[in-house]
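Novice: Right, I'll just put the structure down here and ask away after.
The values are calculated or read from the model by the stated rules, or taken from the named source; none is laboratory data. Note that this is a predicted model, so its numbers are computed, not measured. Note that each Cβ is placed from the backbone with ideal geometry, even for glycine, and that neighbours are counted across all protein chains shown. Heavy atoms of the whole protein, side chains included, go into the accessibility calculation; ligands, DNA and RNA do not. Shrake-Rupley method; radii C 1.70, N 1.55, O 1.52, S 1.80 Å.
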Amino acid sequence: MESLFDSINVRDLLSAQDLSDQNSPLSAPDLRLLIDRVESHSLQIRSQVQSYLASHHEDFASLFSLCNDAVSQTLKVSDDLAGVLRLVSEHPADVEVREVVEEMKAKREELKVKRELLGLVGTIVSLNRRLESVKEALKSGKFQFAAQGLKELKVALRIGEEDDREPLVYGLLRTEWSQCFEEIQEVLVKFMEKAVRFDGDLNQIEVKYHLEVQNLSGIPLQIVLEAMEVVGILEYGLAKVADLMIKYVMTPFINRGQPLSFIEKSNQDSAVLEIVSSPDSKLEYLDGELLYSGIVLFIKFIYGSICFQKSSWIRCFGRLTWPRISELIISNFLSKVVPTDASKLPDFQKIVKCTSDFETSLKELMFISSSDDKDNRLSNFAENVEVHFAFKKKTEILAKARNLLLECDFSIPQEYTRDSSNWKNDGTSIVSSSHVVDLLFLSERCLVSKAAKQLMKLVHQTLQDVCLSSARVALEFYHAARDAILLYEVVVPVKLERQLNGINQVAVLMHNDCLYLSQEILGFAFEYRADFPSSIKEHAVFADLAPRFQLLAEDILQRQVQLVIYNLKEAIDSADGFQNTHQMQQFESAKFSIDQVVFILEKVHIIWEPLLLPSTYRKSMWTVLESVFSRMARDILLLDDIAAEETLQLQRLIHLMLESLSSLFESLATGDPNLHELSVDSREDLIPSLRKIRKLSELLDMPLKSITASWENEELLCCGFTVTEVEDFIKAIFADSPLRKDCLRRIQNTSF
C-alpha cells in the first residue's frame, strides 16, 4: 500500500533516454505514449486500492462504528448541558452558593478575631497580674523580684517602642509600669542616701550594710545595688554617692597643701573611712607618691565597702568620678609641679613614673578602663610635660608683657623736654638715656617708652630660648614672642585712647614705639632664624608683623598732623577771611588769629622736635606749614575789594606771622647740613605756599605795571599764582581804568 503513495517519476514513462536537454521538445508520439502509460499506471493504483480495502474490510467497519458511537455520545452530552443551562437560568443557584461561601468566610474571620482578642485579653491579664506582683514585691521589700519583673515587663510592653495602632490598654499598662519604675527608683535612691553618710564633725565616711526606710528594715545594701543594676539605674543611684565622695573626700584631700591619710574601720554592720591629717605636718605632695597612695586606698574602700568587689559596679563608679578626680589632680598637683626651668625637666620624670604606676593600680581595680586611652588622663598630661612647661612659660611671658604695658605711664623723661638744661640747640639730648634706642634699618636714634623697650627685651629673651629649646617647646616660645608683640597693638591704643585724640607727647611717643617695634621685628630673621630648630625655621615668620606696626606708626602720626591742621583751621577761621583789616576791630581780630596760629605751631614745635626723628619732624612740620600758608594766601586772594590802607595792614599781618615763626624755620634746618647750606629761596621749595605768601606780601605794595611784569616774566607763576588769582587780585586793589584794562589784557594774552 505504501508504494501507492510514492512519487511517479515521469522519466520512467518515456522512451527518451536523455531529458536533460531542455531545448529538445517532446514529440507527439512521446506525448501519446506518456498519456497511455499514465492511464495504465492509474488503473493499476485503483486496483491495488480496491484489493487493500477488501482485505481490510473488518478494520474499516470497526473504525466507522467507533466514530458513530462518539458522535452519539457527543450529542447526548450536548443535550445534558443544554438541560443544565436551562435549569440554571430558571433557578440561579450560583448566587446562593456565593452567599453561603461569603458567610462562611466572615464567620471564620470573626472566629479568628475573637481568638486574637481572647489571646490579647489573656496577655493583658497576665501583664496586669505581673504588675500587681511587682507592686506587692515593692511593698514587701522584695526588690530583686520587683526589679526582675520590671525588666521583663519593659520588654513585654515594648517600652520606648510605642505604636499608635496598639490598643489603648497598652498605654495604660505602660503608665502603670512607669509608676512602678519611678517608685522603685525613688525607694532605692532613698536607701542609697541612707547607706552612705558623711559626718563633718568626725570627718569620716560611714557605709551601712543594712538599711531601713519607712516600714522597710534590714534591707542589705548589696540587694539594693543589685536591684538598681537590674532595673538599669545603677549609675543614677551611684551618682549622688559619687558627688558626696568628690565634695567631702577627694576635693579636700587633693586641694590640701599638706597630705592627709585615711583610716579604714569595718564590721558586719558598717564600714568607716576616717580622714586624718598626716602626723608629719612638714610633708608635701612633692613627687605624688603620698597623694596617689591615699587615693588608691580610698578607691579600695569604695571597691570593697560599696561595690562589694564587683567589677561592673566599680567601673560604673569610676565613670562617674574619674573625670573630676583626674581634673583635680591635674589642676591642684601636676600643673603646679610642672618645671619653670628647662633644667628641671628630668626631675619631673619621677612624677611621670609615679603617675603611670598610679593609673596602672586603678586599672587593676577596674576603676578605669585598660583599653580606653581617654582614661589615661594623668599619664597623657605628665608625658606631655614639655608642652605644659612651654604653655606655662608662654602664659607667664604674655602676663608679664601685658602687665608692663598696662603699668607703664608713657611719661617723657625730663631730659627730653625743651625746658631741660641738657637740651642742645641741634635738637638732641646730651644725656644718654635708657629710653633712646637705635633703629636698625634707618641709622637713626629715637626716644621710645619704657614699655616698648622692656617688651622688646622680653621678646629677645624669648627668641633666645627658642634657639635653645626642643621643637615642641620652641614652637610655643615662638608663638609667645609673636603674641607678646601683638599685645602692644591690642593694649596700648585702648589704654591711650584719650591721649591719641589730642595733640601731646604721649601720642608721638607711641608713634616712636611702633616705628621701633617694626624695625626690631625686621631684624629678627637676621638675628635668630639661623639658630632656630629646623622644624621651626619652616614656620617662623615675623615679616608680616612689621608692616602692621609701620602702618600703625604712620596712622598715629597722620592723626596728629590732621589734629594740628584742624586746630590751625579753626584759628584762621576766626580772622573772618581777613576782611576790612583797615578797621581797628577787624585788624585786632585778624592779629589775634595770627597769634593763635603762631601759638599752636610753637606748641607743636615744642612737642614734636624733641621726640620725632629729624626727617619725620621736618616732613610733618612742612605739611602743617603748607596748610597754614596756603589757607592764608587763599583767603587774602579771595578778597574782592581791598582799600589802600587795607593792603598795608594785610602786609603787616603777613610780616608779623613770618617773623614770629623765624625760630620754627631755623629748627627745620637744624641738624640737616644740606638744608642749612641752602638759600632761603631753595628752602621755600620745600614749602611752596611759603614763597607764595611772601610774594603776596610784596604784591600788596607793588604798582600795577610791576605786578603785570612779574606775571609776564613768570615770577608769579613760579610762586604758585594762577592767572585767575592775579586778575582777581588786580581787580580788588586797583580801580577800573584804561591802564588796568591794558594790564589785564596783557596778563590774559601771556602764553607760557
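Novice: Determine the per residue accessible area of the stretch 575-701 with all protein chains present and a 1.4 angstrom probe, expressed in square angstrom.
Specialist: Details: 5720 Å² over 127 residues.
Counting only protein heavy atoms, the per-residue value for the stretch 575-701 is 45 Å².
Novice: Here's another thing I want to ask about it. What does a probe at Arg324 reach in the stretch 187-228, counting residues whose amide N is under 20 Å from the point 7 Å along Cα→Cβ?
Specialist: 189-201, 203-208
Novice: For Glu602 and Asp640, FRET efficiency with R0 = 30 Å and r from the beta-carbon atoms, rounded to 0.05?
Specialist: 0.35
Novice: Along the Cα→Cβ direction, 7 angstrom out, place labels at Ala530 and Thr340. What is the inter-label distance in nm?
Specialist: Label-label distance for Ala530 and Thr340, simple model: 3.5 nm.
Novice: What distance in nm separates the simple spin-label points at Ser311 and Ala709, each placed 7 Å from Cα in the Cβ direction?
Specialist: 11.9
Novice: Taking the alpha-carbon distance from Lys591 and a cut-off under 21 Å, which lysines remain once sequence neighbours fewer than 8 residues away in the same chain are dropped?
Specialist: Once the sequence-local lysines are set aside, what remains near Lys591 is Lys569, Lys603, Lys692, Lys695.
Novice: Something else about it: Which cross-chain or sequence-distant (5 or more) residues have an amide H under 5 Å from the amide H of Ser266, H modelled 1.01 Å from N in plane?
Specialist: Correct list: Val272.
Novice: Okay, next question. With every protein chain left in place, what is the accessible area per residue of the stretch 447-514 in square angstrom, probe 1.4 Å?
Specialist: 37
Novice: I need the phi-derived Karplus couplings for the stretch 459-474: 6.51 cos²θ - 1.76 cosθ + 1.60, θ = phi - 60°, integer Hz, Gly and Pro marked x.
Specialist: Going residue by residue, I get 5, 4, 4, 5, 5, 5, 5, 4, 5, 9, 9, 5, 4, 5, 5, 4 Hz, with x marking Gly and Pro.
Novice: At a 1.4 Å probe, what is the % contribution of carbon and sulfur to the accessible area of the stretch 232-383?
Specialist: Taking all protein chains in place, the stretch 232-383 shows 50 percent carbon and sulfur surface.
Novice: Then there is this: Quick one: Karplus J couplings for the stretch 435-441, per residue in order, coefficients 6.51, -1.76, 1.60, θ = phi - 60°, nearest Hz, x for Gly and Pro?
Specialist: Along the stretch 435-441, the couplings run 7, 8, 10, 8, 8, 4, 10 Hz.
Novice: Suppose all protein chains stay in the model; what accessible area per residue would a 1.4 Å probe give for the stretch 232-383, in Å²?
Specialist: 48
Novice: Across the stretch 334-340, in residue order, what do the Karplus-derived ³J(HN,Hα) couplings come to in whole Hz, using 6.51 cos²θ - 1.76 cosθ + 1.60 with θ = phi - 60° and x for Gly and Pro?
Specialist: Running phi through 6.51 cos²θ - 1.76 cosθ + 1.60 with θ = phi - 60° gives 4, 5, 7, 9, 4, x, 9 Hz.
Novice: With every protein chain present, what accessible area does Glu206 have (1.4 Å probe, heavy atoms only), rounded to the nearest 10 Å²?
Specialist: 60
Novice: Here's another thing I want to ask about it. Full extension from Glu274 to Asn403: what is 0.36 nm times the residue separation minus their Cα-Cα distance, to one decimal in nm?
Specialist: Residue separation times 0.36 nm, minus the Cα-Cα distance, leaves 41.9 nm.
Novice: Sticking with this structure for a sec: Give the lysines whose C-alpha is closer than 18 Å to that of Lys190, dropping any in the same chain fewer than 8 places away, or say none.
Specialist: Filter leaves Lys135, Lys139, Lys142, Lys208, Lys240.
Novice: Between Glu264 and Ser40, what is the spin-label point distance in nm, taking each point 7 Å from the Cα along the Cα→C-beta axis?
Specialist: Simple spin-label model gives 13.8 nm for this pair.
Novice: Run the 1.4 Å probe and let me know the accessible area of Ser443, rounded to the nearest 10 Å².
Specialist: About 110 Å², rounded to the nearest 10.
Novice: R0 = 45 Å: FRET efficiency of Ala54 with Val84, Cβ-based, nearest 0.05? Walk me through the intermediate numbers first.
Specialist: Details: r = 47 Å, r/R0 = 1.04.
Efficiency computed from Cβ-Cβ geometry: 0.45.
Novice: Okay, next question. Could you compute the FRET efficiency for Phe198 and Ser331, with r as their C-beta to C-beta distance and R0 at 30 Å, rounded to 0.05?
Specialist: Plugging the Cβ-Cβ distance into 1/(1 + (r/R0)^6) gives 0.85.
Novice: Moving on to the next point. Say the cut-off is 32 Å between C-alpha atoms; which of Lys495/Lys619; Lys353/Lys392; Lys247/Lys363; Lys247/Lys495 go over it?
Specialist: Violating the 32 Å Cα-Cα cut-off are Lys247/Lys495.
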